[in-house]
Amino acid sequence: DQAAAPAPQGDPLGMAGASCMQEMVLSVSSEDDSAHLWELRTATTLVSYRPAASDGALATVGQDLFAVPQPAKASLHVFGWRKDQPHARCALPEKLTALAASADGAFMLGGGATWEAHYRAVTSLAFTDDGTHALSGSEDSLLRAWPLAQILDYASGQQAPPTASHTWNLHTLPVTAVVVGAGGCGARVCSASMDRTVRVWHITTGACLAVAQVPSPVTALALHPCDETLFAGGSDGDIYAMDLVAPVPSNTGTPSLVRAQHFHGHTGAISSLTTSFDGSMLVSASRDGTAKVWDCASGQALKTFTGHRGPVSCVRAMLRPPNLLDGPHIKVKTPFSLLARRCELEDATSAHFAGPSRTLPVLTLSACNA
């Protein structure tokens with residue numbers, strides 16, 4: 001794994017790898033109470049952050065910050081890239097089981113075990129790239145889409161409680177991961193479940209566009225930057241690449257995704273997946289305590305990161321932060337004191353939303369940084 005890999009076919013000069021030289025990977029563990037920022041191509045650690053344990057919830061907020069909810073208590077730690085200690089500690093109404101930030105870093109969503117938008121704990125959250133909708137998956141096997149404008153209007157007292165624009169209920173076991181492609185409110189949404197299926201949905205029409213069967217329960221998802229390939233990681237430690245461009249017809253009426261590539265090398269369940277900026281590399285986190293960098297074209301493992309002393313729960317690939325280490329010193333303002341906004345969700349069509357203690361934290365950075 002540690003040896004330098006040959007250039008992928010069609011790239012004799014290794015230019016695909018050169019495009020990733022300034023890419024970093026942020027990884028967190030559920031047990032060793034640390035987060036590591038390391039180089040994608042060399043798997044060399046640049047900075048370690050503590051305390052930053054997480055069971056899988058992690059969000060990068062704009063270019064300057066990342067946030068990690070603490071698994072043992074209702075607290076959120078916010079870090080700047082140049083300091084190994086938290087920049088801010090935020091008290092929360094409850095422990096968070098999922099976390100996501102909008103692409104522009106303006107809003108952050110956190111879901112917990114008692115969020116009344118679902119019957120059971122929230123397992124995954126995601127934003128559309130234009131910030132108009134938020135997606136939530138849960139242990140209750142449901143996937144829901146929420147208009148963010150309604151949530152914010154309700155938080156400010158200008159509108160009735162928001163309702164989900166779509167509720168998808170074709171999964172038969174807990175939803176474990178949700179990813180959203182490009183295209184804003186017209187994007188495709190992909191969901192994974194313990195029922196060993198991956199489904200692709202249209203966020204506007206609500207239609208199920210495709211489905212794939214995987215040999216083991218699916219525990220992680222990642223999308224190619226061009227939305228041409230979907231990567232699914234399973235509880236058996238294997239990763240499957242599926243072609244989103246040309247699904248094949250099936251007897252059920254819903255097109256099936258074709259498995260185009262198989263990545264084998266982990267000995268524990270896959271907990272998180274992320275792709276490089278150009279889509280040439282895939283990074284996987286596993287319960288076996290390692291993170292691996294893969295060549296997407298060949299399925300070969302290029303590097304293995306072993307800096308954690310426990311299961312790796314989450315990974316995020318990103319371009320090198322502009323103010324990291326040798327960059328100009330930038331004083332980051334405190335992003336939020338506690339919760340800038342707290343919003344109760346209530347579905348007018350169902351009775352399972354109730355109680356003032358059941359809240360969805362919506363943390364707004366722009367209002368506090370003004």
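The values are calculated or read from the model by the stated rules, or taken from the named source; none is laboratory data. These numbers were taken from a predicted model, which means no experiment stands behind them. Positions of Cβ are generated from backbone atoms using ideal geometry, with glycine treated the same way; all protein chains shown enter the neighbour counts. When the accessible area is computed, the model is the full protein with side chains, heavy atoms only, and any ligands, DNA or RNA have been set aside. Shrake-Rupley method; radii C 1.70, N 1.55, O 1.52, S 1.80 Å.
Within region 225-255, which residues are of a type in the set (V, I, T) and either under 27 Å from E39 (Cα atoms) or touching a Cys at 6+ places or on another chain (Cβ under 6 Å) (or both)? If you could, list the steps in order and put the result at the bottom.
Within region 225-255, the first condition is being of a type in the set (V, I, T), and the residues that meet it are 229, 239, 245, 248, 252, 254.
Matches in region 225-255: T229, I239, T254.
Conditions (1) open to solvent by less than 10 Å² (accessible area, probe 1.4 Å); (2) closer than 18 Å to A121 by Cα; (3) touching a His at 6+ places or on another chain (Cβ under 7 Å), marked per residue:
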| position | (1), (2), (3) |
| --- | --- |
| R50 | no, no, no |
| S54 | yes, yes, no |
| A72 | no, yes, no |
| F79 | yes, no, yes |
| Q85 | no, no, no |
| C90 | yes, no, no |
| P93 | no, yes, no |
| T97 | no, yes, no |
Strands (runs of 3 or more DSSP E) wholly inside region 211-318 that include at least 1 residues being at pLDDT below 95: 239-248, 256-263
Report yes if some residue within region 256-279 is within 21 Å of W38 (Cα to Cα) and in contact with a helix residue (DSSP H, G or I) (Cβ under 8 Å, 6 or more places away or on another chain); otherwise report no. yes
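Given the criterion touching a strand residue (DSSP E or B) at 6+ places or on another chain (Cβ under 8 Å), closer than 18 Å to D55 by Cβ and at pLDDT below 90, identify the matching residue among L92, L99.
L92
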Residue within region 214-228 that is touching a residue at least 24 places away in the same chain (Cβ under 8 Å) and either farther than 27 Å from H262 by Cα or touching an Asp or Glu at 6+ places or on another chain (Cβ under 6 Å) (or both) present: no
Do any strands (runs of 3 or more DSSP E) entirely within region 70-113 hold 2 or more residues that are farther than 24 Å from V178 by Cα, and if so, which? 75-80, 88-91
Condition check: open to solvent by 40 Å² or more (accessible area, probe 1.4 Å), within 25 Å of F277 (Cα to Cα) and aliphatic (A, V, I, L, M). Does A103 satisfy that? yes
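I'd like to verify a number: residues in region 179-202 that are assigned to a strand (DSSP E or B), out of contact with any Cys (no Cβ under 7 Å at 6 or more places or on another chain) and buried (at least 19 other Cβ atoms within 10 Å of the Cβ), how many?
If we filter region 179-202 for residues that are assigned to a strand (DSSP E or B), which is where we start, we get 179-180, 188-193, 197-202.
With out of contact with any Cys (no Cβ under 7 Å at 6 or more places or on another chain) added as a condition, the list becomes 180, 188-193, 197, 202.
This time we only want the ones that are buried (at least 19 other Cβ atoms within 10 Å of the Cβ), so: 180, 188-193, 197.
So the answer is 8.
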